[in-house]
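Some notes on the structure that comes next.
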Amino acid sequence: MEITLGPLSTIPPGEGRAFDVGSERIAVFLARDGRVFATQAACPHRGGPLVDGLLGGCTLVCPLHAQKFNLQTGEALNGGPGLKTYPVRLSATNQIVVQIERDGG
Amino acid sequence: MQKKRKLVVIGNGMAGVRTVEEILARGGAEQFEITIFGDEPYGNYNRILLSEVLSGSQDASEIFLNPLAWYRENRIQLHAGVRARAIHRHSRQVTGEHEIVASYDNLIIATGSSPYIPPIQGVRLEGGREKPGVFVFRTLDDCHRIAAYAKGKRRAAVIGGGLLGLEAARGLQNFGIDVHVVHISGHLMGQQLDATAGAILRTTLEQLGVTVHLNRSTKEVLGDDRVTGLRFADDEVLDCDLVVISAGIRPNVDLALRAGVTVERGIVVDNHMRSPDDPRIYAVGECAQHRGHVYGLVAPLWEQGKVLADHITKRNEKATYSGSKVATKLKVMGIQLASMGITEPADDRDEIVQFIEPKRGTYKKLIIRDGRLLGGILLGDVSKAAYLMQAFDKNTPLPDERLSLLFDLGAPSTKATLEEMPPEMQVCNCNGVSKEGIVACVRSGKRSSRAIMDATRAGMGCGACKQLVSEIVAWACGGAAEQDPAASYYVPGVPLSKPELVQAVRERGLRSVSAVFRELAGGVEDPGSKPGLASLLRTVWHHEYEDERDARFINDRVHANIQKDGTFSVIPQIPGGVTSAAQLRKIADVVDRYRVPLVKLTGGQRIDLLGVKKEDLPGVWRDLDMPSGFAYGKSYRTCKSCVGTDFCRFGLGDSIDLAVKIEDRFRGMDTPAKMKLATAGCPRNCSEAMVKDVGAVAVEGGKWEIYVGGAAGAHVRKGDVLCVVDAHADVLRLMGRFIQYYRENARYLERTYGFVERLGIQKIRAVVVDDSEGIAARLDAEMQKTVEAYRDPWREAYSPATPNQFRSVLPIVQ
């Protein structure tokens, strides 16, 4: 199902912000080239807050131990488990819309 | 699509295959169909490690650099065990054994060299067959044959006391045989050592049980059907039942000679490693002769391979090889040795710096001309080798204090040698990476320190192990790792050194990090490079800097230090470590109000409130109503002080007042790496000012010593005295000038201890104190501008800089 998180202007260019959607915490990033990415919010390494990381293109560096991820694919660039990614788009009014799987309940 | 060119390589050894790897790395697979002839039936292996195989400390399977699968994966046709017989230049073909024919558009000759067999009677049986018991030591098969024959034998003689001969001797010793080395000249390892070092090495070897015969020319190998002994020129006889001849090597040039290209000692090549007679033919490695030199070590051959690859792939047709400076670090029978350049002075002006300690087998000798290193020998203790080899290679000026060239003063070095280091030994203590982890990564194909640090994260924590990681990478690569071009960049994502970058930024008026990526990095944003660029731009542009918040590390976005659980630590400014009841009360109230889980006194004489939520940061700052202590940035952090003259009965100078003035002047200032300062009221150094990035220590006579480049963290170093001055104002001025010089010239994240060691205190003193470059006034002015630009970032509590700056989770707004 699709969920509208809010206007894109809540995220400064080149940064990320986290949203709680049901039981999931989702990180949304706005790259300087205008691309928007959505992934799980916690780093799979030690739980670091990914939205506080450094973003360049679609590469994100976790602020705690510099784990690197490709936000497009979720791949961990220096080994280890990758990120769950969510399809995300902007609405006609520049609202951030993510698609999440509706769980059983 | 254009048809692929046919590339034939004769020689499947370290030079040939390394060159092919370089070609592949330049997109060569798209351009070439590659065929390799190798007369050994194996993939490429690390010949340097043969003595390890002979001694049994490594299995033959462990020394392969390119297993057969590598050739398949890269679609290289390998004729293993096929010796090339002729090069036909007119038909552009190479013919080999078993009637194999390969056509070429380009040919690389990498035939290496063969052992030289001196004219000694009885080396072969009558009729010319090999005499059982006589060996050379060059290939894996030689190794296997020696090992098979040596079992149960009593005594072995090695003819030749050069590097390879001693390696063979070491290998043989492990079979429990009595080993004799017979050397034709007056001292061992004439290429690398002078007579004194040779004599010390001899003594050490004899202590290890090897008998050394010097000035002995072998006339005959005795024995009718197998070896029974050696007869020397003076007719003395040495009984032995095994002989290894290691009397030097000769480039394998027969093929080239018969093909009609110019051959002198080796195959003559131009600066592109190409034969001057035939633009289709290149030669590389031990068989090639460049400007009169034939090199027998791996480092030059790797440099040659790069140039050849650049040229043949047309990646850079101007690439030129301009010869190599020969420096080598190796281990002979467990004895560490480093040798570079000449071994004896060549000119009256040459200065010799020498240290001899025969009892421990230690010898160090440097030959210096005009302050530059021309040659050197380090035997037994090679702790300074990395530094000296670099100074030799780059021709950098040496510090005036020669003693420090030979010894690490003050810090005992007990670092075990890399070979002896157990595989499971943890090298990077921050990220838990072991020696074997690094070695495995090298085996998987990564060949530069940076690539390995990226992949394993070794050295990416506190950074103290970076040097060791690089050494292990080099060792695992078989001598030298690939130079990472990014090593000279200011940040990895922009291919410019710091001076080049500053110049480009000024010329093009680049005021933001995104502008730098757009103009100087092809629009590719490297996230890890952003904070370094932000720091540099701020130093260049001051208030004209266009501050993009996403270029900052999180700590600098929210002016607090991120903790393992995503909360933050808050450290207010407490200049000189002096506080008051009112201030403590205010802090205590904040702790209660925001339920701060941990309050801790820091090493920098301040109070740390740990576990503060991002949302609470603005409130905490407002309620504290104290300026930020900057305990999170790559910036000036704090200045500790001792009690000084106020109460201490030993105090010579007012250290508290000075610390407060320092804090007031430099607070919050961006620097390439964090800076921790201290002032001490007397040389008892209670505040540890001598091991701070910058420190001031009061001495008798109302004077202050200024220390720079100290460290007492992951790296420990006593600072160097920059100068001695009279008054607080002088301390502030000179510290400021040093800090500004450091800000302009250090690499990003280079602490002052690295910076001071890299430039040398003499150079820094000349510029900062004596104004040798005439820039002191400018440095002072830049510093003054920076001081005036100070603004307390905690004022953002009242006006956030970006949307939701202090929110860790946003509500969904629909």
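The values are calculated or read from the model by the stated rules, or taken from the named source; none is laboratory data. All of these numbers come straight from a predicted model, not from anything done at the bench. Ideal geometry is used to build each Cβ from the backbone, glycine not excepted, and the neighbour counts take in all protein chains shown. Calculation scope for accessible area: heavy atoms of the full protein, side chains included, ligands and nucleic acids excluded. Shrake-Rupley method; radii C 1.70, N 1.55, O 1.52, S 1.80 Å.
Brief remarks follow.
- Net charge dipole, segment B:327-406: roughly 400 debye, given to the nearest 20, about the Cα centre with Cβ charges of +1 for Lys and Arg and -1 for Asp and Glu.
- Both radii were evaluated on the Cα set of segment B:541-595; the Rg over Rh quotient, with Rh as the Kirkwood radius, amounts to 1.11.
- Segment B:426-488 shape via C-alpha gyration tensor axes, a/c threshold 1.5: oblate
- For the pair segment B:68-130 / segment B:696-730, the C-alpha centres are spaced 65 Å from each other.
- D_trans [Stokes-Einstein, Kirkwood Rh over alpha-carbon pairs] for segment B:194-293, 37 °C, 0.692 mPa s, µm² s⁻¹: 189 µm²/s
- Here each label is just a point 7 Å from Cα along the line to Cβ, and for B:D592 and B:F232 those points are 9.3 nm apart.
- Peptide B:523-529 has a mean of 6 when you count, residue by residue, the C-beta atoms of other protein chains within 10 Å of its C-beta.
- FRET E, pair B:R85, B:I117, Förster distance 25 Å, beta-carbon r, rounded to 0.05: 0.70
- Surface accessible to a 1.4 Å probe, B:D381 within the full protein complex, Å²: 50 Å²
- Net charge dipole size for segment B:636-796 [Lys, Arg +1 and Asp, Glu -1 on Cβ; Debye, nearest 20]: 480 debye
- Integer Hz, Karplus 6.51/-1.76/1.60 couplings in order for segment B:239-247, x for Gly and Pro: 6, 6, 10, 7, 10, 10, 8, 9, 9
- Considering only B:I662, B:L537, B:F64, and ranking their Cα positions along the charge dipole of the protein assembly as shown that arises from unit charges at the beta-carbon of Lys, Arg, Asp and Glu, the one farthest toward the positive end is B:L537.
- Dipole magnitude (debye, nearest 20) for segment B:723-786, charges at Cβ of Lys, Arg, Asp, Glu: 260 debye
- Area accessible to solvent at B:R778, 1.4 Å probe radius, in Å²: 100 Å²
- Descending Cα extents along the principal axes, segment B:142-202, whole Å: 36, 19, 17
- Distance histogram in 5 Å bins (all Cα pairs of segment B:134-247, percent per bin): 2, 12, 24, 25, 20, 12, 4, 1, 0
- Between A and B, accessible area buried - total, square angstrom, nearest 100, 1.4 angstrom probe: 2600 Å²
- On Cα atoms only, tilt of B:140-150 relative to the major axis of chain B in degrees: 70 degrees
- What the phi angles of segment B:380-390 give under the Karplus curve with 6.51, -1.76 and 1.60, with θ = phi - 60°, is a coupling list of x, 10, 10, 4, 9, 4, 4, 5, 5, 5, 5 Hz, glycine and proline written as x.
- Fraction of antiparallel bridges per DSSP, chain B only, in percent to nearest 5: 60 percent
- Long-range HN-HN contacts of B:V9 with modeled amide H, under 5 Å: B:T35, B:I36, B:F37, B:I108
- Distance between segment B:326-350 and segment B:285-306 - C-alpha centres, whole angstrom: 19 Å
- Counted residue by residue at 0.36 nm each, then reduced by the alpha carbon distance between them, the extension gain from B:E615 to B:Q207 reaches 139.8 nm.
- Whole-number D in µm²/s for segment B:497-595 (Stokes-Einstein; Kirkwood sum over Cα pairs; 37 °C, 0.692 mPa s): 201 µm²/s
- Chain B: translational diffusion in µm²/s, Stokes-Einstein, Kirkwood Rh over Cα pairs, 4 °C, 1.567 mPa s: 42 µm²/s
- Shielding of A:64-72 by partner chains, average beta-carbon count, 10 Å: 3
- Theoretical FRET efficiency, 1/(1+(r/R0)^6), r = Cβ-Cβ of B:E424 and B:D239, R0 41 Å, to 0.05: 0.35
- Cα pair distances exceeding 16 angstrom across segment B:553-633, given as percent: 45 percent
- Given a 1.4 Å probe and the protein chains as shown, B:L163 ends up with an accessible area of around 50 Å².
- Sorted largest first by accessible area at a 1.4 angstrom probe radius, with every protein chain in place, the residues B:D589, B:D780 fall in the order B:D589, B:D780.
- The mean number of partner chain beta-carbon atoms within 10 angstrom of a residue's beta-carbon across peptide A:2-13 is 4.
- Ordering of B:797-806, B:3-12, B:431-440 by packing [mean C-beta count within 10 Å, highest first]: B:3-12, B:431-440, B:797-806
- With a Förster radius of 60 Å applied to the C-beta separation of B:E351 and A:S91, the computed FRET efficiency comes to 0.20.
- Under the Debye formula (equal points on every Cα, no solvent term), log10 I(q)/I(0) of segment B:498-552 at q = 0.13, 0.15, 0.20, 0.28 Å⁻¹: -0.25, -0.33, -0.61, -1.26
- Cβ-based net charge around B:C639, under 12 Å, with every Lys or Arg adding one and every Asp or Glu removing one: +3
- Rough spin-label spacing in nm, given labels placed 7 Å along Cα→Cβ, for B:Q503 and B:H543: 3.1 nm
- With the highest mean first, a sort of the peptides B:101-110, B:600-609, B:745-754 on other beta-carbon atoms found within 10 angstrom per residue produces B:101-110, B:745-754, B:600-609.
- Taking each DSSP H run with n ≥ 4 as -39500 (n - 2.57) and averaging over every residue of the protein assembly as shown yields -7500 deg cm²/dmol at 222 nm.
- Largest first, the extents of the alpha carbon coordinates of segment B:1-143 on the three principal axes equal 59, 39, 22 Å.
- Label-point separation, B:D780 to B:Q58 (7 Å along Cα→Cβ), nm: 5.9 nm
- Over all directions, the projected convex hull of the C-alpha atoms in the protein assembly as shown averages 47.4 nm² in area.
- Extreme residue, positive dipole direction of segment B:508-638, given options B:A588, B:Y632, B:V620 (C-beta unit charges): B:A588
- Accessible area (Å², per residue) of segment B:327-406, counting only protein heavy atoms and a probe of 1.4 Å: 46 Å²
- Rg/Rg_ref, segment A:2-93, where Rg_ref = 2.2 N^0.38 Å and atoms are Cα: 0.99
- Cβ-based charge dipole, segment B:134-247, positive-most Cα from B:A148, B:L230, B:V212: B:A148
- Among beta bridges that DSSP assigns inside the protein assembly as shown, antiparallel share in %, nearest 5: 70 percent
- Each residue of segment B:699-705 was assigned a 3J(HN,Hα) from its phi angle through the Karplus curve 6.51 cos²θ - 1.76 cosθ + 1.60 (θ = phi - 60°); the sequence is 10, 4, x, x, 10, 10, 8 Hz, with glycine and proline shown as x.
- Helix B:728-745 axis, angle to chain B major axis (alpha carbon atoms, nearest 10°): 50 degrees
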